[in-house]
Structures are given as structure tokens and as C-alpha cells.
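The values are calculated or read from the model by the stated rules, or taken from the named source; none is laboratory data. Just so it is clear, the structure is predicted and the values come from calculations on it, not from any experiment. Don't worry about glycine lacking a Cβ; one is built from the backbone with ideal geometry, like all the others, and counts go over all protein chains shown. Please note that ligands, DNA and RNA were not included when accessible areas were found on the heavy atoms of the full protein model with its side chains. Shrake-Rupley method; radii C 1.70, N 1.55, O 1.52, S 1.80 Å.
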Amino acid sequence: MPVLEQNGTKVWHRRTRSESLTRWAVWLTGTAIFVYCWQKISEVTTWFFVWDAPRIAEDIWTRATPPRWEYITQLGRPIWDTLNIATLGTLIALCFAVPIAFMAARNTTPSATFVRPIALLIIVSTRSINSLIWALLLIAVIGPGVLAGVVAIAIRSIGFCAKLVYEAIEEIDQTQVEAITATGASRWQVMAYGIVPQIAPAFAGVAVFRWDINIRESTVLGLVGAGGIGLQLSSSLNVLAWPQVSLILLVILAAVVLSEWVSAKVREAII
Amino acid sequence: MLRLEKLVKTYKTGDQALKAVDLTIPQGQVMALIGPSGAGKSTMIRCINRLVEPTSGQVWLEDTELTGLSSGGLRRKRREMGMIFQEYALVERLTVMENVLSGRLGYVGFWRSFTRRYPQESVDEAFRLLDRVGLLAMADKRADELSGGQRQRVGICRALIQNPKLLLVDEPTASLDPKTSRQIMRLICELCAERGLAAIINIHDVALAKMFVQRVVGLRFGAIEFDGRPEELTPDVLTTIYGEEDWEATIEKVEDDDEKTAEAEVAAL
């Protein structure tokens, strides 16, 4: 309580004395822990390699430039695969994410005691594992190649999309739903008229956002053999073909810039 | 036409919103439901079409008892009860036409409604209604482009295209300015008269209610405190419904204001 009486006049401070002291103590402990950790890390660092870093970086830079431009003829197909992995993966994920989102949202779930926990479990479990690890698992199951990449991206994206969509469903204006219900509409009609129009912008936003992320993620899937441009990246790295690596990085950059541009345009058009 | 028998609603929190309400509304009667906030007005309206499930008691619409109906039966009966909301409750991202046609959802199948292929009679009726409320030119606009008064007119069209026998109207004017409020109330009452509809209108503005309706029911703490003609609403009665207040001065003043608005309207024409 910051209002105090002093000699008959009311004085106001932002915090009481004990609150200020507590804040001071918290800041002090925080700083002490930071300094201590800094020291520990510095003890176990091999400083020789760190001091050496600029020279090595410069060495790699000179080897990697100029990029081997003629190698681009071999990259068309892999980058196309990468874009396909991302796009197909996102589409498949959305097909699964929408029903799961409706089952997970508190206001649309058929049963809050049975169905909702299952839907939430699916969301958490698919979200918690990185797509690279999904790809490793899937390569063991369905063999290496583009399909493993598509499925890995799809599984990883289900939880992400479902979570954002179900949050959008829970935030809808309930009176619009009431109004549609009051006309005598069926359960499905209420969904199509009362809920879907309200979540459409959120859904489109989530879809392009996830597609954007998936393009980045699918560029590395090839590192473990799940198709796409990562395959070329990994083989070039293995033979220390730095001019090829730099060209691949440029191509990935171009793809990501393109996806940013597309998703920005789509979002503009919808909202 | 509509008969409530010992209607009780107790919320999970233990609040008793309605205490054994008995009420009968004959064919074609427009009734205003007044009372302080939290008196159970909205609950009562929502218990009739079961947007809120009543705890006990019965609701008779003509000779059907509504509280015992299965979900399919309830949907068929909901078609006969149009509802108008305080915040209009239009689907903001759909067009005016889609919003009006959504009143026919109870009559068409899922795929027809999903692909927006409504029967031509419904479309004709939608255009007729929009013309009646003066919004024909707006049919293709999105609902969120309209002003408050326009949105409420669309809400009225949506309720009427159901071809209802009864209108449930929840605070139709609470979000509107005084002039638009009067226009909307006049429109609702005219349309009820044209079609011989019964209506229950929840309303806060006592003066406005007195101007337009044939019967006023006062609700206080979930029980009916007053039931009579608008002229019988004396300051004493208002005190029993709402509590102590200087009614003479405020109510008269509102009516004066109203005359001025009416004059201004005439002048504007």
C-alpha cells in the first residue's frame, strides 16, 4: 500500500520500502548469478580456438567465394522438392489440424472430459518433437526420400496449427453463435455460419505463417536424407566443396525471401 | 400463444435468475419486459428458445411444450421464434444478404446452406424484407460496414425471414442513439402489427417502452412485480421494480426530449 500518512499529509510512493528492498535483492542475486556463470563458462572454454576464429572464418570465406555458379543447374530439382515438401506438408497438416482444433477448443469440443484431453495430447506431442527428429524416425520407417520429408513436416505442423486455430475458436464472439443457433440451425450449420467466418482470417494467417516456417525447416531435412536441397548441402559439406555450399545457401536465402513475400501478400489480401 | 408455467432457472453458481415465473402472451401482443440489470430479463427470453436450459417449469408455444423437446424437435420450434439481439449479433464477415438468409438455416439442408444455394422464394423474401427496412442497396455489403441502426435492421430481417410466430427481442436499442432507438422500436412494433406477431421486448428505457407497447411486465429478482398497461406504470410502480428514484422528473424529461426529436425528424424531412 503506497499511500502513507506523514504529519497529517498523504504521501504517495510507487512502492513501499519493503517492496523496493525486495526488488533490489532480486536484481542483486540475478547479477551475481550471471557473473558466476560467465566465469564458469570462461574456465571451460578453449580460448585458443576462439582467438583463432576470425582467421578460420576468413579462410572459409576465401574458399567459398566466388560461389560455383554453374552448379545451379543441379539445384533446380532439389529446391523444387524442398518447396513441395513444405507446401504438401503444410496442406496435410491443416487437414488434420482443423478437426483437432475443433475437438480441443473448450466451446466446440464434443466432450470436455474424454475428447479434449486426447486432442490436447496430440497437439503437445506433435509440437514437442522437432521435424528433423521426426524425419530421422520416418526415414527408418518409410525409407529415405521426399515422402519422409513431407510426412515429417506434416506431423510437426499439426500441433502448431491446431493450437493456434483452437485458440482462435475459443476467442470467437459467442453471441454470433447464439444468433445462428436461435434460427433453428443444426450443429454443422452453426459451425459453418457462426464459427467458420469468425476464424477464417486467423486460419489463413496460421496457414501461411506455418508454410513460411516449413520452407525453412524443409531446407535442412535433406541433412538426414529426407529429400530436398539439404541433401546437396550435406554432400557438399562432406567433401568440403565450399563454393557449392555458398551457392546453396544463396539459393535457400532466395527461397526464404520468396516465401516471406508470398505470405506477406496473402496476409494483406485476407485481413 | 406463449405460456410460461412455473419457469425456474438456477445457475450453477446458485443464483436464482428466475423464480417460478408464470406468464401468458396472447396472439399478436407486443409486450415489454422491464426491470433492473440482473433481474433475469435476458435469462427469461433465452429460456424460451432454450439458448439457456431452464432448470424446471414448462414453456408452451401454442400446443407444444418446449422444455421436453429433443434437439431435432427443438430446432423445428426455434424456427417459429425469431430473436433480435442487443449487439445485433450479425456474422460480421458475411454479407448482409448471407446474414438475412441465415434466418432460413432451419429450413434448408447443410450442403445447400454451405454452398449458399437457397430456394428462390427465400431469396425473394430476403429482398422484400430488406426493401421493407430500407436496406435494399446494402444487400451486397459486408455486415461490419454498416452502422448500428442498419445492423439492427438486418438483425430484424434475419428474425422475420424465419417466418416466426413470436419475436424474442433482447435489448434492441441499448447500443443505439435515441433517435435510432425510436426508429428501431417503431419498426419492430409496426412489423409485429403487420404480421400479427407476438413479441417480448427486453428494454431498459421505460419511456421508450411506454410509447410503443400494449403491455408492460416488470421483473425484479427473477419474479414478476408488475403486469399491466403502460399507463399504469406510475412512479410508485417503478419504485417497486427498480428501487427509489425521482421518477416524475426523469421520465417526463425523456418524453420532452422525444417530442423534440420527433419535431427534428419532421423538420429534417
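Worth a mention:
- Elements of type helices (runs of 4 or more DSSP H) contained in the stretch A:183-255, each with 3 or more residues being within 14 Å of another protein chain (Cβ to nearest Cβ): A:187-190, A:196-221
- Residues that are in a loop (DSSP other than H, G, I, E, B) and within 14 Å of another protein chain (Cβ to nearest Cβ) do occur in the stretch B:174-182.
- Subset of the stretch A:1-18 (residues that are within 43 Å of the chain's Cα centre (by Cα) and in a strand (DSSP E or B)): none
- All positions within the stretch A:133-154 that are open to solvent by 60 Å² or more (accessible area, probe 1.4 Å) and in a helix (DSSP H, G or I): A:Ile133, A:Leu136, A:Leu137, A:Ala140, A:Val141, A:Ile142, A:Leu147
- Of the helices (runs of 4 or more DSSP H) lying entirely inside the stretch B:34-152, the ones with 3 or more residues being under 22 Å from A:Ala192 (Cβ atoms), within 8 Å of chain A (Cβ to nearest Cβ) and without any contact (Cβ under 8 Å) to a residue 24 or more places away in the chain are found at B:110-114.
Let's see how each residue does on (1) more than 14 Å from every other protein chain (Cβ to nearest Cβ); (2) of a type in the set (A, V, I, L, M):
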site	(1), (2)
A:Arg106	yes, no
A:Ser128	yes, no
A:Ile133	yes, yes
A:Leu137	yes, yes
A:Thr175	no, no
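- In the stretch A:33-53, the count of residues that are assigned to a helix (DSSP H, G or I), open to solvent by 60 Å² or more (accessible area, probe 1.4 Å), within 30 Å of A:Leu249 (Cα to Cα) and of a type in the set (D, E, K, R) is zero.
- For the stretch B:14-21, the count of residues that are among the polar types (S, T, N, Q), in contact with a Gly (Cβ under 7 Å, 6 or more places away or on another chain), open to solvent by 20 Å² or more (accessible area, probe 1.4 Å) and over 20 Å from B:Cys189 (Cα atoms) is nonzero.
- The stretch B:153-163: number of residues that are in a loop (DSSP other than H, G, I, E, B) and either open to solvent by less than 10 Å² (accessible area, probe 1.4 Å) or over 18 Å from B:Glu190 (Cβ atoms) (or both): 2
- Output for the stretch B:202-244, where each listed residue is closer than 15 Å to B:Ser37 by Cα, touching a residue at least 60 places away in the same chain (Cβ under 8 Å) and out of contact with any Gly (no Cβ under 8 Å at 6 or more places or on another chain): B:Asn202, B:Ile203, B:His204, B:Val206, B:Val217, B:Ala223, B:Gly243
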